[in-house]
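First up is the structure itself, then whatever we jot down about it.
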Amino acid sequence: MRNKTSKSSRSGSWLITAALVIGSSAYLLLGFMPAMRALAESRQKTAERRDYVSQADRLKPAVENATLELEKTRAYNQRSAEKLSDDRKLAELYQQITTQAKLAGVVSKRFEPQKRTSPYQTLRQSGLTIEAVGSFSQLCAMLAAFESLPVTMNFESIKVMPQRQDGLKSVCELKLAIFLACSEKND
């Protein structure tokens with residue numbers, strides 16, 4: 001009888017061992033391995049976030065410098081905008097230019113406003129070509145008077161040539177760029 005019980009206990013132990021192996025395998029495949037993958041993904045995301053935060057900390061001085069530079073630029077633009085004349089006052093400015101030329105004793109042969117350009121939203125450039133006749137000292141006085149006008153302008157070219165009929169007088173061809181604040185906002 002002992003043989004029967006020992007055979008049945010052996011087959012029962014194999015069944016228990018097989019059930020334990022199947023259960024362990026199922027736990028590994030269905031529970032433990034997916035949990036380990038999720039844990040690894042979570043660690044990877046945490047490491048990426050730590051890297052992101054450390055990069056942000058390193059960028060903080062650069063952002064502060066850029067903010068300071070932006071504030072300086074805005075202050076400069078504000079000061080420059082206050083110096084600019086409004087483009088609606090361009091006719092008045094042309095009158096001031098001709099008046100200054102007459103006061104310097106220069107005769108204007110040509111006064112030719114150029115096309116306005118508007119490459120920027122708040123700044124407009126207007127060109128002006130003037131051809132004037134006078135003595136060299138009168139022409140210098142005219143240029144000095146133009147520089148004293150309350151407007152931002154640039155002398156693009158100045159050509160002074162002696163006049164052929166009279167050796168005492170010279171012809172000055174002057175090209176100006178006048179910078180004005182836009183009176184209307186471009187969209």
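The values are calculated or read from the model by the stated rules, or taken from the named source; none is laboratory data. None of these values were measured; they are calculated from a predicted model. Remember, those area values only see protein heavy atoms, side chains included, never the ligands or the DNA or RNA. Shrake-Rupley method; radii C 1.70, N 1.55, O 1.52, S 1.80 Å.
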Going from most exposed to least, what order do Arg164, Arg74, Arg110 have by accessible area with a 1.4 Å probe? Arg164, Arg74, Arg110
Can you list residues from other chains, or at least 5 along the same chain, whose modelled amide H is less than 5 Å from the amide H of Gln114? Gly127, Leu128, Thr129
How long is the gain from Asp51 to Gln163 if the chain were fully straight, where each residue apart is worth 0.36 nm and the alpha carbon distance is subtracted? 32.8 nm
Violating pairs (Cα-Cα greater than 30 angstrom) within the set Lys72/Lys115; Lys89/Lys109; Lys89/Lys169; Lys72/Lys159; Lys102/Lys159: Lys72/Lys115; Lys89/Lys169; Lys72/Lys159
